[in-house]
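Asker: Shown below is the structure under consideration.
The values are calculated or read from the model by the stated rules, or taken from the named source; none is laboratory data. What you see is a predicted model, and the numbers here were worked out from it, not measured in a lab. Glycine also receives a Cβ, built like all others from the backbone with ideal geometry; neighbour counts cover every protein chain displayed.
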Amino acid sequence: MKWIGKPFVMPLVLSLVLSLNAGCQTTQTVQQRNREMIHMQENMRQIGEENRRLAGRVEALELEMQRLVYDSDRLRTSVDDTLRTGSRDLETRLADLERQTTLLAQQREKDKQDVVDTLSQKIAKLMQETGASRAPAGQKKSARSEYGYEHVVKPGETLSEIATAYGVSVTVIIRENALKDPNRLQAGQKLFIPE
């Protein structure tokens, strides 16, 4: 019987060793799988945190984009207002410049007339002092007047300009020449200017 039991025991021991060995491998496999599961869970947790961070950044970027759009609209409105205001200011300044130009032109004409009047007075004074334009002695215009000058009216010349040039009053010229309308002198008309 001894022989008989040996062949049966061997396979049984071998089967038991293999079972134990398989059990160890199964335990190792389970532990390996548990570690892998833990590692996967940790990876999933990290991915979830990263997603939350990215979602927060996206939300912050959307808020920043809204702020930029709002600022852009405000800036556009401000630029439009500035352009409108600037245009009105420019029109006002242009109108002021036109008024000033008109005033300057008027002042220039007045200054020009003042220069002409001053020069006429100086010329008349000079003519009186030098006697260069005197009429020949003894020539008279009328029985009542004394010696004087003969003046030929130039186009556009006024009686006051003539009187100023010779240093006499307008009334004397009107009286000596019997002028009915002193405002209607004609070019080429001859006037007697008493001394």
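So that you can scan it fast, the table gives a plain yes or no per residue for (1) at positive phi; (2) touching a Phe, Trp or Tyr at 6+ places or on another chain (Cβ under 7 Å); (3) in a strand (DSSP E or B); (4) not β-branched (Val, Ile, Thr):
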| residue | (1), (2), (3), (4) |
| --- | --- |
| Lys154 | no, no, no, yes |
| Glu157 | no, no, no, yes |
| Ala163 | no, no, no, yes |
| Val168 | no, no, no, no |
| Thr171 | no, no, no, no |
| Ile174 | no, no, no, no |
| Asn183 | no, no, no, yes |
| Ile193 | no, yes, yes, no |
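Asker: Then there's this: Would a scan of the range 80-103 turn up a residue that is under 30 Å from Thr164 (Cβ atoms), surrounded by 10 or more Cβ atoms within 10 Å (Cβ to Cβ) and either outside the structural domain of Ile162 (by TED's automatic domain parsing) or out of contact with any Phe, Trp or Tyr (no Cβ under 8 Å at 6 or more places or on another chain) (or both)?
Answerer: Yes, the range 80-103 contains at least one residue that is under 30 Å from Thr164 (Cβ atoms), surrounded by 10 or more Cβ atoms within 10 Å (Cβ to Cβ) and either outside the structural domain of Ile162 (by TED's automatic domain parsing) or out of contact with any Phe, Trp or Tyr (no Cβ under 8 Å at 6 or more places or on another chain) (or both).
Asker: With respect to Leu61, determine if the residue is aliphatic (A, V, I, L, M), at pLDDT 90 or above, within 30 Å of Ser160 (Cβ to Cβ) and out of contact with any Lys or Arg (no Cβ under 9 Å at 6 or more places or on another chain).
Answerer: no
Asker: Going by the structure shown, is Arg45 free of Cβ contacts under 8 Å to residues at least 24 places away in the same chain, part of a helix (DSSP H, G or I) and over 36 Å from the mean Cα position of the chain (by Cα)? I'd like the intermediate steps shown before the answer.
Answerer: Values: free of Cβ contacts under 8 Å to residues at least 24 places away in the same chain: yes; part of a helix (DSSP H, G or I): yes; over 36 Å from the mean Cα position of the chain (by Cα): yes.
So Arg45 passes the test.
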